[in-house]
Amino acid sequence: MKYLSVLFVLTIMLATISCDSLDNIDTDPDPLITPEIADSQTYDLVTPIYGMQVSIDSGVDRNTQDVLDILDRRAAQFLDCQFIEGSQLGFEDSMLDNGTIIPPLSDLRVFVVPNRYRCDVPGVSVCNGTYFGGVDIVTVAEGGFPGCEVFLPWKHELGHRYGMDANHTNQSDFQSCIGASSCDIGDVIGFD
Ligand SMILES: [Zn+2]
């Protein structure tokens, strides 16, 4: 039992270090975000191109139009890169190789938050982005990794919507299209 406790503490410490080494070690993550919390936000903003439904937390610094434009632009980049059909796919139902139908991006809700936050995901306790498949919502943090571009996990989470497994077994099929141009951070802990 004593041994188990030591192991537990060690595991927590390792997890903490893994996250904090990528972020400001002095700041705690923001409170927990669950699918229910994401689902309860008011999505009254709409991106100009794809019509994604967006909720921006009051703590986000960037102006609203800029946020909406970034989400649209990078979604188009991801689709152009990942699929033969390209960015047009965001306006249509699309079928994955396994037969799953993905509705247009106008069905997707995006909850934009300022910082990394606590999350309840296997193996991860702090997230910068999450795709909640059941409710078709992406939560994405504006910041979190010094030196990296804002909204770093956005394309990664879109990858999950368009067929990347939750456990990342097929991430190599997506990596070249979900990576960030200004930051080669790979599949760090904190993404889900
Ligand atoms: Zn992921």
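So is Val140 more than 14 Å from the ligand (Cβ to nearest atom) and either within 15 Å of Arg74 (Cα to Cα) or within 12 Å of the chain's Cα centre (by Cα) (or both) or not? Judged against the criteria, Val140 is not a match.
Of all residues in the stretch 64-82, those that are closer than 19 Å to Arg161 by Cα have Cβ atoms under 9 Å from Cβ atoms of residues that are part of a helix (DSSP H, G or I) and acidic (Asp, Glu), 6 or more apart or on another chain, in Gln82/Asp173.
Inside the stretch 60-76, can you point out the residues that are of a type outside the set (D, E, K, R) and either outside any helix (DSSP H, G or I) or farther than 13 Å from Leu105 by Cβ (or both)?
The answer is Val60, Asn63, Thr64, Gln65, Val67, Ile70.
The set of residues in the stretch 76-109 being of a type in the set (Asp, Glu) and either touching a helix residue (DSSP H, G or I) at 6+ places or on another chain (Cβ under 7 Å) or buried (at least 18 other Cβ atoms within 10 Å of the Cβ) (or both) consists of Asp80 alone.
Among the residues of the stretch 126-137, write down those that are within 10 Å of the chain's Cα centre (by Cα) and assigned to a strand (DSSP E or B). Hits for the stretch 126-137 are Cys127, Gly129, Thr130, Tyr131, Phe132, Ile137. Restricting to the stretch 110-125, and then to whatever is assigned to a loop (DSSP other than H, G, I, E, B) and either in contact with a helix residue (DSSP H, G or I) (Cβ under 9 Å, 6 or more places away or on another chain) or in contact (Cβ under 8 Å) with a residue 60 or more places away in the chain (or both), can you tell me which residue is surrounded by the fewest Cβ atoms within 10 Å (Cβ to Cβ)? Checking each candidate, the answer is Gly123. The set of residues from the stretch 160-175 being under 17 Å from Leu89 (Cβ atoms) and within 7 Å of the ligand (Cβ to nearest atom) comprises His160, Met164.
Every number here is computed from the coordinates shown, using simple stated rules; none is lab data. Every value quoted in this text rests on a predicted model; they were computed, and no experiment measured them. When we count neighbours, we look across all protein chains shown, and the Cβ atoms used for this are built from the backbone with ideal geometry, even at glycine.
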